[in-house]
Amino acid sequence: MTGKATSEASVSTPEETAPEPAKVPTTEPSGEVAASESTGQEQAPEPQKPQAQDPAAPAASAMPATTKPEPPSEDVPSAPLRLTLEDVSHSSLTVSWEPPEKLGKLGLQGYVLEFCREGASEWVPVNPRPVMVTQQTVRNLALGDKFFLRVTAVSSAGAGPPAVLDQPVHIQEITEAPKIRVPRHLRQTYIRQVGESVNLQIPFQGKPKPQVSWTHNGHTLDNQRVNVRSGDQDSILFIRSAQRSDSGRYELTVHLEGLEAKASIDILVIEKPGPPSSIKLLDVWGCNAALEWTPPQDTGNTELLGYTVQKADKKTGQWFTVLERYHPTTCTISDLIIGNSYSFRVFSENLCGLSDLATTTKELAHIHKADITAKPREFIERDFSEAPSFTQPLADHTSTPGYSTQLFCSVRASPKPKIIWMKNKMDIQGDPKYRAVSEQGVCTLEIRKPSPFDSGVYTCKAINVLGEASVDCRLEVKGGCRKGALSTLL
């Protein structure tokens, strides 16, 4: 029971459970030579007993011959069970087994894994000392190696009979099926303009190096126009100057030992379209003109996006766009100016742009003047005359001596009224102490450095031909007279 539990625990991490990891070939095997050196120094003699008892076998035999060992004693474990090859790569292999049915009276010390090259008779141990694992990985193997494997259970009484793989293990390069990875932008039609370069890089997988071939619409590529360079992981298709004949389906095929992978890439090489084949002026009525044209003979190797219609009057000769990306081949041009004569032209348009030339109408569309008599509407002139009226009266105001103050009011009148300012019913116009301003109906009186003498009732009067109006307010200047002002008054 103890040996079985140890083997199960060591299956996931066999290299960690080995008693001497530095000398276990699963971590750093160095081939037969390194294994033989360590065997001569440290290997116990028990695993070699079956080999010592074998008679000399011919070198060309498929498996080394062994004579029947003597019946094992009860102290020697039996052969391990179910020796299986788990994995083989180009440089390593992994084998596993199950513990023997009989572990022996003295208990199990471990297992010894051995290999023998095909055609040889000598078994070489991989691990110099028994290890308590039921799975081992042998690394750093050379391509082309072919050998047999066997594993022996060892106890303190000696080594038991070995368990041998029926078939030899062949170390060869792993074949990886070919696979092409088409870039996302190449999974839809790849569009280029005439004269531009085409440079496609298609990655692929496959081991060993696969064979790569290209075809254009099912035919071999023209080497004078198309260059192909293939490596281990990708293939590059290059066209220096694309022409419309390069359009079509390019197929990449990757071959590898009977397997193949294919990928198709659609390339479309386009150019500007030709102009419409013809254009005709169908009818002219009022301020409208009807046109009709035929599609171009050459669409530039792609679908048209529509037509652009332009007009030009005879006087200026300047062209103005009327319709853009218009799909039908008939249209009606409206809102033409009376008295002018117009020409019309039509461009074709695709992904490359407008056609270099346009088809122009041979006839002019004359927009004639109709016999229309203009009837002007009667206009009733409004009288805006108004007598003066104050919309904002004067407000009583208190001021401090020596600080200029202002009085405001607003008046409405038409025609513009004459403004007169008075103090205590006396006209103060022309007095330098006062400054009167009237602008857009706002009347302002500025009193410069007032004194208590300037207190009183101020009146603003507005007069025009339709009447007059006035507003009053009281101004009070607080504080006694200064000595200088009093002497001036005296």
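The values are calculated or read from the model by the stated rules, or taken from the named source; none is laboratory data. The model shown is predicted, which means the values in this text are computed figures rather than measured ones. Heads up, the Cβs are rebuilt from the backbone with ideal geometry, glycines too, and the neighbour counts pull from every protein chain shown. Heads up: the accessible areas ignore ligands, DNA and RNA and are worked out on the full protein's heavy atoms, side chains in. Shrake-Rupley method; radii C 1.70, N 1.55, O 1.52, S 1.80 Å.
Miscellaneous remarks
- The packing ranking, built from the mean of other Cβ atoms within 10 Å per residue, places the peptides 221-227, 257-263 in the order 257-263, 221-227, highest first.
- For segment 347-490, the Rg and Dmax computed from alpha carbons only, in angstrom: 32.9, 103
- Aspartates and glutamates whose Cα lies under 18 Å from that of Lys369, excluding same-chain neighbours fewer than 8 positions away: Asp283, Asp313, Asp335
- Cα-Cα over 29 Å, subset of Lys311/Lys375; Lys272/Lys315; Lys418/Lys449; Lys146/Lys262; Lys433/Lys478; Lys280/Lys375: Lys311/Lys375; Lys272/Lys315; Lys146/Lys262; Lys280/Lys375
- Straightening the chain between Asp427 and Phe238 buys 57.8 nm, computed as 0.36 nm per residue apart minus the Cα-Cα spacing.
- Each of the peptides 268-277, 238-247 was scored by the mean count of other Cβ atoms within 10 Å over its residues; in descending order, highest first, they stand as 268-277, 238-247.
- Phe384 contributes an accessible area of around 130 Å² to the protein surface, as traced by a 1.4 Å probe with all chains present.
- On the principal axes of its alpha-carbon atoms, segment 119-232 has extents of 86, 30, 20 Å, going from largest to smallest.
- Solvent-accessible surface ranking, highest first, for Lys105, Lys461 at 1.4 angstrom: Lys105, Lys461
- Measuring nothing but protein heavy atoms, the accessible surface of segment 386-477 at 1.4 Å probe radius is 50 percent carbon and sulfur.
- Solvent-accessible area of Trp214 with every protein chain in place, 1.4 Å probe, in Å² to the nearest 10: 20
- Over 22 Å [Cα-Cα, segment 80-171], rounded percent: 24
- In the full protein context, segment 298-437 carries 69 Å² of accessible surface per residue, based on a 1.4 Å probe and ignoring ligands, DNA and RNA.
- Segment Ser385..Ala370, full-extension length gain: 1.0 nm, with 0.36 nm per residue of separation and the alpha-carbon distance subtracted.
- Loop GluC sites (Glu not before Pro), segment 381-490 (other Cβ atoms within 10 Å of the site Cβ: 15 or fewer; DSSP): Glu381
- Per-pair calculated FRET efficiency, R0 = 22 Å: Asp298 and Thr321 via Cβ, rounded to 0.05: 0.45
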